[in-house]
Amino acid sequence: MRCVPVLLLLSFVMGCAAAIPRPVRVDTAEGYTISFPGQPDSLAGKDGPVDFRIDAARTPEEARFEVAWFRFPQSLDAPERAELLLRVERGLFGGGARVVSRTQPPNDKDRVDLVLDLPLGRRGYYQILYPNPRSMLQVSAVGPEGGEWERAVKPFFRSLVVKNRAPLPAAPVQASLPRDCHSPAPGHDGCLTERAPVLWHLLAQDDGRLPSRD
């Protein structure tokens with residue numbers, strides 16, 4: 001009789017451990033490496049003049065860990081980088097998202113970190129940065145709030161290594177987006193005034209462009 005609780009406990013522990021798969025390191029030709037919590041799928045190609053690569057892995061809880069890389073046909077100057085960064089942020093705030101936190105390193109205006117509450121009880125973690133004036137990285141982890149998958153978020157982001165990232169010319173300081181920007185209507189002052197460019201649509205969660213591992 002005493003073996004039953006032990007077996008139940010063992011089953012519980014094994015079930016919790018299985019919620020976060022073993023990390024899989026991806027070393028890309030595009031100049032960055034990162035460790036995914038599980039085996040990622042990859043998609044690469046061109047969308048108009050923009051080269052892209054997207055790697056994404058799902059956990060058993062249906063959380064999605066993703067890295068998207070974009071290379072532009074020409075270098076962006078500091079004002080252009082600042083404008084695109086802001087447009088990508090605005091693209092995230094549509095559909096009922098609420099800003100939990102937004103941080104930007106004081107010595108790195110070409111990077112922003114976001115935490116968002118999303119519809120259907122999900123939470124999203126995002127880091128957007130420029131490795132150089134001709135490329136952008138968008139790193140994200142999205143899943144049901146409070147799940148085991150969130151234990152893998154910090155290791156995932158900390159594992160990102162961008163090779164040879166040189167300091168870029170300083171971009172203008174952007175005003176923080178309002179923290180109450182959620183469910184905005186088009187044209188709402190300070191919120192979503194336009195959808196992000198084609199870059200963001202490549203990153204749309206569950207857009208069907210990556211093969212399912214289900």
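Figures for the structure shown
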quantity: ³J(HN,Hα), Karplus 6.51/-1.76/1.60, whole Hz, each residue of the range 97-111, x for Gly, Pro; calculated: 6, 10, 6, 8, 7, 9, 10, 9, x, x, 9, 8, 7, 9, 8
quantity: Size of electric dipole in the range 28-84: Cβ of Lys, Arg +1 and of Asp, Glu -1, about Cα centre, debye, nearest 20; calculated: 120
quantity: Set of lysines near residue 109 by C-alpha distance (under 26 Å), chain-local residues within fewer than 8 positions excluded; calculated: 154, 163
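Every read-out reported here was derived from the displayed coordinates using simple, explicitly stated rules and does not represent laboratory data. Just so it is clear, the model here is predicted, and its values are computed rather than measured. Glycine gets a Cβ as well: all are built from the backbone with ideal geometry, and neighbour counts include every protein chain shown.
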